[in-house]
1. Go through (1) at pLDDT 85 or above; (2) part of a loop (DSSP other than H, G, I, E, B); (3) among the β-branched types (V, I, T) one by one and return the number of the condition V42 breaks.
2. Return the residues of the range 66-91 that are exposed (fewer than 13 other Cβ atoms within 10 Å of the Cβ), more than 14 Å from the chain's Cα centre (by Cα) and either at pLDDT below 85 or outside any loop (DSSP other than H, G, I, E, B) (or both); say none if nothing qualifies.
3. Which one is nearest to P13 (Cα to Cα), of the residues in the range 31-65 that are surrounded by 13 or more Cβ atoms within 10 Å (Cβ to Cβ) and of a type in the set (F, W, Y)?
4. Residue by residue through the range 47-59, note down the ones that are touching a residue at least 12 places away in the same chain (Cβ under 8 Å) and either within 12 Å of L69 (Cα to Cα) or assigned to a helix (DSSP H, G or I) (or both).
5. Would you mind telling me which numbered condition in (1) part of a helix (DSSP H, G or I); (2) over 12 Å from the mean Cα position of the chain (by Cα) P63 fails?
6. Step by step: first the residues of the range 7-38, then only those that are assigned to a helix (DSSP H, G or I) and in contact with a helix residue (DSSP H, G or I) (Cβ under 7 Å, 6 or more places away or on another chain), then the one that is modelled with the lowest pLDDT. Which residue is that?
Amino acid sequence: MYTALVNFHRVGPEGGRPVVFDDTIYFLPCWCEKEARFLQEVLMARESRELFASMVSWDEKRPITVDLLKRLNISRLADYLGRSDEYEYYSVGETNPVRIAQPGAA
């Protein structure tokens with residue numbers, strides 16, 4: 001099985017400067033280090049990696065595509081792993097600037 005080839009890494013600023021990726025990298029932007037760590041832990045869980053690897057067509061030139069990544073339901077993976085509260089916190093929780101900016105958001 002090719003699950004060893006499916007990896008998700010946290011990348012933060014280098015030398016206090018933002019890291020810029022080229023068009024060969026897929027990334028999930030995060031608001032804080034804890035959110036990035038949470039996403040990495042969910043995506044690198046054995047169950048998540050096995051699911052992801054089962055969806056990859058390894059005989060293709062670029063087996064991991066944006067369309068394939070869009071099929072990953074992080075909410076359901078977190079729920080399956082018993083981490084739905086954390087997912088809820090980071091997706092609509094108090095640290096989410098989008099929610100904070102909403103009038104009447106509690």
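1. With (1) at pLDDT 85 or above; (2) part of a loop (DSSP other than H, G, I, E, B); (3) among the β-branched types (V, I, T) applied to V42, the lone miss is (2).
2. D67, D85
3. W31
4. Kept after step one, since they are touching a residue at least 12 places away in the same chain (Cβ under 8 Å), are these residues of the range 47-59: 47-53, 55-56, 58.
Of everything in the range 47-59, those that are touching a residue at least 12 places away in the same chain (Cβ under 8 Å) and either within 12 Å of L69 (Cα to Cα) or assigned to a helix (DSSP H, G or I) (or both) turn out to be E47, S48, R49, E50, L51, F52, A53, M55, V56.
5. For P63, the exception is condition (1).
6. To start, the set of residues in the range 7-38 that are assigned to a helix (DSSP H, G or I) comprises 33-38.
Imposing the further condition that a residue be in contact with a helix residue (DSSP H, G or I) (Cβ under 7 Å, 6 or more places away or on another chain) reduces the set to 35, 38.
Working: E35: 91, F38: 95.
Going through the qualifying residues, I end up with E35.
The values are calculated or read from the model by the stated rules, or taken from the named source; none is laboratory data. Being a predicted model, the structure only gives us computed values, none of them experimental. Note: ideal-geometry Cβ built from the backbone for every residue, glycine included; neighbour counts use all protein chains shown.
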